[in-house]
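Taken together, the values in this text are just the output of simple stated rules run on the coordinates, not laboratory data. Computed from a predicted structure; not experimentally measured. We place every Cβ from the backbone using ideal geometry, glycine too, and count neighbours over all the protein chains shown.
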Amino acid sequence: MSKLTFIIYLAALAAFAPFSTDIYLSSMPIIQGIFNTSATKVQLTLSLFFASFAIVQLFWGPLSDKVGRKPVILIGVAIFVLSSIGCSLSQNIETLIFFRVLQAVGACCGAVIAIAIVKDSFHDHNQMAKVLSYMMSIMVASPVVAPIIGGYLLTTFNWQANFHFLTTYGLIIIIGALFIKESHPPHTRTLLPANKIALAYWHQFKHIPFLLPTLATSTNFSMMFAFISASPFIYINIYNVTPEHFGYYFAINASSIIMGSLSVNHLKDRVKDKTIVFGAIGMAFVAGISMLALINLFPHWIWSVVIPSFVMTLSMGLLFPLFMGLYLKHVIEYNGLASALAGTSRFILSSGVGLIMGLVIRQSALPLAVVMIIFNLFTALFMSLYFKLFADIKHK
């Protein structure tokens, strides 16, 4: 398998979460009507998905350190395929929520293993950051294409067709796993007894050079997830965008993440990490304040949300691969365990954000702007501490 094909496969593996959420975003208001339920309950199919996604990573990470990456891919994705079938057969919101939680159990192995494989395979920090940015660029194509695919599957067939698509996606990943090389062969594995796993997690968690960029990754990702979870209700319910056209508005914002991720590779060769980080954070802050002002001045103008969100998601695309490269640089010993810990913190926080957005988005998009500004400020705080405490570490 060529290097490019390998990176594309890792990106597809890591993209389980965005594809599993974004493809049926336009169906969420429809599901609410069909199952005669509340928007808050429909949001649970997102927030509980991410809560399950977060927690189960803590199992897959150490397991992959013990038995290798490929067996975990095969087991996890098989669970994903079976639960996707269960989602498509659901007859009420409670059953759909159950299978979405089970779907996340399988899907989260992809995020953990893809990042662990990068750490296994690329040891130079700059090379790792570049690979992550390429992966991110490919991976975030899913938020661009998934809502468009989902919208047309919904209007051409039904909401269940979205989960038929995910079933097929999972089967393709399983086939691809048969052709990749095991990145963590037996001779490289360090035995971690089951009764020592919690202690290993604690040692990695309290390692401050790892913790601060991990927390910054979590708050940065939560900004993104606030937009993802709120966007169908803002665009479809508030601004009356049709489900089939929702994907195009969503794609405008998602494409900016790709632009940001691709820009990192060019910027890293010319600009220090610290400059990129605080430039992107400042850009996001200005965009958040602009969104507040525009929504107040032009409450019925959809571009009051689209334009500032574009700038904010551009900053996220710049920051996400940088933050991931920084925390991977400070892994103590177990790549799978560290990847799981970072993923868990990221998705636990975002699942809470999704639930909050379901409660506060009603007649205006103002709560979205407020939430994104708050998380951006926390990102600035964590990275300020990181660069202040570890100024002697080179970040070029």
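Values as computed for the structure displayed
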{"quantity": "Highest-MSF residue in the chain out of Ser384, Ser20, Ser315 [GNM, Cα springs under 10 Å]", "calculated": "Ser384"}
{"quantity": "Histogram of C-alpha separations across the chain, 20 Å bin width, %", "calculated": "30, 60, 10, 0"}
{"quantity": "Value of Rg/Rh across the range 118-192 [Cα atoms, Kirkwood radius]", "calculated": "1.13"}
{"quantity": "Length gained when the stretch Ala194-Ser290 is fully extended (0.36 nm per residue, less Cα-Cα span)", "calculated": "29.5 nm"}
{"quantity": "Residue-averaged [θ]222 nm for the chain, counting only DSSP H segments that reach four residues, each worth -39500 (n - 2.57)", "calculated": "-27500 deg cm²/dmol"}
{"quantity": "Residue-span extension gain [Ile34 to His187] - 0.36 nm each, minus C-alpha spacing", "calculated": "49.7 nm"}
{"quantity": "Cα principal axis extents for the range 1-65, largest first, Å", "calculated": "48, 27, 11"}
{"quantity": "Enclosed volume per residue, in Å³, of the convex hull spanned by Cα atoms of the range 248-372", "calculated": "118 Å³"}
{"quantity": "Whole-Hz ³J(HN,Hα) from phi, Karplus 6.51 cos²θ - 1.76 cosθ + 1.60, for the range 61-67, glycine and proline x", "calculated": "x, x, 4, 5, 5, 8, 10"}
{"quantity": "Shape of the range 166-256, Cα gyration tensor, a/c cut at 1.5", "calculated": "oblate"}
{"quantity": "Sequence of Phe157, Phe122 once ranked by neighbouring C-beta atoms within 10 Å, starting from the fewest", "calculated": "Phe157, Phe122"}
{"quantity": "Tensor-based shape of the range 243-319 (alpha-carbon gyration tensor, a/c under 1.5 rounded, otherwise prolate or oblate)", "calculated": "oblate"}
{"quantity": "Proxy reagent accessibility, fewest Cβ within 10 Å first, across Val360, Val56", "calculated": "Val360, Val56"}
{"quantity": "Within the range 330-350: backbone nitrogen closer than 18 Å to the Lys206 label point (7 Å, Cα to C-beta)", "calculated": "331-334, 338, 341-342"}
{"quantity": "Residue pairs, from the table Lys196/Lys388; Lys41/Lys70; Lys268/Lys388; Lys196/Lys329, whose Cα atoms sit over 30 Å apart", "calculated": "Lys196/Lys388; Lys41/Lys70"}
